[in-house]
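Below is one structure; the comments refer to it alone.
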Amino acid sequence: MTETFVVIGGDAAGMSAASKARREDRDREILVFEKGDWVSYAACGMPYYVKGDVDSLDELVQVTPEAFRTERDIDLLTNHEVVGIDPVGQTVTVSADDNRFEQPYDQLLVATGARAIEPPFAGMDLDGVFTIHDMDEADAIHTYVTETDPKTAAIVGGGYVGIEMAEALAGRGLDIHLFEMLPHVLQPFGESVATVVEDHLRERDVELHLDTPVAGFDGEETVASVDLDSGTVPADIVIVGVGVEPNVELAEDAGIETGETGAIATDEYGRTNYETVFAAGDCAEATNVVTGEADHVPLALTANRAGRAIGQTVTGTPTEVGEIAGTAIVKAFDLGAARTGILDETRARDAGFDPISVEITAPTRAHYYPGAEELTVTLVADRESERVLGASVVGPEGVKRIDTIVAGLHAGLTVSEVENLDLAYAPPFSPVWDPIATAAKVLAGSLEDAA
């Protein structure tokens, strides 16, 4: 009898799973239910569409719905919302065009993603106040900027979205105010990265309001200002980017368990507390490679990898979804910043480590070769085992070097082992001692001194 694989959600995890399952099993029935119009799109590209670097939203679509249907033989149903899951009877209830029907499944993937957090600010419903986490929101911002010609933008939140949208709207000629309730932007990257980024944002005329909680927004029908405890700041458009939360309500209503992070709890194969139900992507937890504990870091590669693995598992080849290191990279005008692993000393101690760290600044190329820039590297290790725990890098070029540390985290390398990696060298690309190796060399010396 032909088995049926049902997927809830048509973006990274869902479509990766469906595509891999089809490649592995040409006969299996595969149905994907997506409640909206868009599938398989590059959400990370949305700020660049708002900025104008990307001409149309369609360019962000990786594979069109029609291509999934005709070329990959996947039964993709857009504008079909799954409103209920019966994990015992192995059915889902689907709503479309005011009709409801039940769809049986043999295996189910919950890939419902996440949504932008909407803080309880007064004025969130004013025209000109936006969050940005999906294609329709990106399109609405693009249209609003094009049609209303705002002069001043307020960005609430100094994380990835806030930094990228500050650049995007500055690129459209707007004056930018960025509000962050914490002392620094990019909190997960650490203070050394944050201060470099903040200085660069100020150089690009972004007015930073750090350690500044927002109380709400004011205006009659359209936003006119940001309200603070200390007064108001004029704003013609507001982007609220204070984080995301996983879409888990559908799963919770069905008795599918969530973990301490608030996302759906899964095992190493992406399986939930029900044998035939899997979860992946922004709605699901993953295992942190450094701590071995459940973590929730909603990023694109995590979703794609997990979906692909589940597609193999459901077709008969059990495949682990893989661990995560919390790796992230962001562009801030002419600067790049990246991080991976555990940087926060409190978190490291809570995980049972005794952290020690160094910060170095080194050139990205041989000192005599034109175009060399300064790269600041922070490297963190455990004092007893000397195992590398995490790193951050910031500079005008070369921040993809973070991937060296990512590989080290997955391999469980010590500081000395990173120091002795046979990294590539040629003057246009690196000094003889790459900045990552230099940081490891300095940290190895600190460990020797501390012994």
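The values are calculated or read from the model by the stated rules, or taken from the named source; none is laboratory data. Remember, predicted model here, so these are calculated numbers, not experimental data. So basically every Cβ, Gly included, is an ideal-geometry build from the backbone, and we count neighbours across all protein chains shown. These area figures cover heavy atoms from the full protein model, side chains too; ligands, DNA and RNA do not enter into them. Shrake-Rupley method; radii C 1.70, N 1.55, O 1.52, S 1.80 Å.
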Write out, first by first residue and then by second, each pair whose Cβ atoms fall under 8 Å of each other, whose residues are 6+ apart or on separate chains, and whose first residue, in region 189-217, is open to solvent by 30 Å² or more (accessible area, probe 1.4 Å) and part of a helix (DSSP H, G or I) while the second is at pLDDT 95 or above and of a type in the set (Ser, Thr, Tyr). 196/376
Within region 413-428, of all residues that are open to solvent by 40 Å² or more (accessible area, probe 1.4 Å) and of a type in the set (S, T, N, Q), the one farthest from residue 363 (Cα to Cα) is 416
Output the residue which, of all residues in region 275-318 that are in contact with a Leu (Cβ under 8 Å, 6 or more places away or on another chain) and more than 17 Å from residue 10 (Cα to Cα), is surrounded by the fewest Cβ atoms within 10 Å (Cβ to Cβ). 276
The residue from 386, 345, 359, 374 that alone is in contact (Cβ under 8 Å) with a residue 40 or more places away in the chain, open to solvent by 70 Å² or more (accessible area, probe 1.4 Å) and either of a type outside the set (Val, Ile, Thr) or on the phi > 0 side of the Ramachandran plot (or both) is 359
Test: residue 132 is in contact with a helix residue (DSSP H, G or I) (Cβ under 7 Å, 6 or more places away or on another chain) and in a strand (DSSP E or B): no
Evaluate the following for residue 357: is it touching a strand residue (DSSP E or B) at 6+ places or on another chain (Cβ under 6 Å) and either closer than 12 Å to residue 193 by Cβ or among the β-branched types (Val, Ile, Thr) (or both)? no
If residue 17 passes every condition in (1) surrounded by fewer than 23 Cβ atoms within 10 Å (Cβ to Cβ); (2) part of a helix (DSSP H, G or I); (3) touching a helix residue (DSSP H, G or I) at 6+ places or on another chain (Cβ under 7 Å) but one, which one does it miss? (1)
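Residue-wise test of (1) among the acidic types (Asp, Glu); (2) touching a residue at least 12 places away in the same chain (Cβ under 8 Å); (3) closer than 27 Å to residue 24 by Cα.
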| site | (1), (2), (3) |
| --- | --- |
| 83 | no, yes, no |
| 92 | no, yes, yes |
| 101 | no, no, no |
| 110 | no, yes, yes |
| 113 | no, yes, yes |
| 116 | no, yes, no |
Residues of region 257-267 being open to solvent by 60 Å² or more (accessible area, probe 1.4 Å) and under 20 Å from the mean Cα position of the chain (by Cα), which ones? 260
Condition test on residue 249, is it charged (D, E, K, R), within 25 Å of residue 114 (Cα to Cα) and free of Cβ contacts under 8 Å to residues at least 24 places away in the same chain? yes
Quick check on region 49-58. Is at least one of its residues at pLDDT 95 or above and in contact with a Cys (Cβ under 9 Å, 6 or more places away or on another chain)? no
Residues to consider are 223, 240; find the one that is among the aliphatic types (A, V, I, L, M) and under 27 Å from the mean Cα position of the chain (by Cα). 240
Quick test for you: out of 160, 144, pick the one residue that is over 30 Å from residue 22 (Cβ atoms), surrounded by 14 or more Cβ atoms within 10 Å (Cβ to Cβ), at pLDDT below 95 and of a type outside the set (D, E, K, R). 160
Might you let me know whether region 61-75 holds any residue that is closer than 18 Å to residue 104 by Cα, among the hydrophobic types (A, V, I, L, M, F, W, C) and at pLDDT 95 or above? yes
Can you go through 431, 396, 435 and tell me which one is open to solvent by less than 60 Å² (accessible area, probe 1.4 Å) and closer than 15 Å to residue 338 by Cα? 435
When you look at residue 388, is it over 21 Å from the mean Cα position of the chain (by Cα) and either assigned to a strand (DSSP E or B) or basic (Lys, Arg) (or both), yes or no? yes
Could you give every pair whose Cβ atoms fall below 9 Å, whose first residue belongs to region 170-184 and is small (Gly, Ala, Ser), and whose second residue is open to solvent by less than 10 Å² (accessible area, probe 1.4 Å), counting only separations of at least 6 or pairs across chains? 170/153; 170/176; 170/206; 171/50
Scan of region 159-181 for residues that are more than 20 Å from the chain's Cα centre (by Cα) and either part of a loop (DSSP other than H, G, I, E, B) or among the charged types (D, E, K, R) (or both), ordered by number: 172, 173, 174, 175, 181
Per-region count, region 395-422, residues of a type in the set (A, V, I, L, M), part of a loop (DSSP other than H, G, I, E, B) and closer than 27 Å to residue 197 by Cα: 0
Residue 324 fails exactly one of the following numbered conditions: (1) buried (at least 20 other Cβ atoms within 10 Å of the Cβ); (2) more than 19 Å from the chain's Cα centre (by Cα); (3) within 30 Å of residue 168 (Cα to Cα). What is the number of that condition? (2)
Restricting to region 229-250, count the residues that are among the acidic types (Asp, Glu), modelled with pLDDT of 95 or more and either surrounded by fewer than 18 Cβ atoms within 10 Å (Cβ to Cβ) or assigned to a helix (DSSP H, G or I) (or both). 2
Picking from 139, 125, which residue would you name as being farther than 30 Å from residue 3 by Cα, assigned to a loop (DSSP other than H, G, I, E, B) and charged (D, E, K, R)? 125
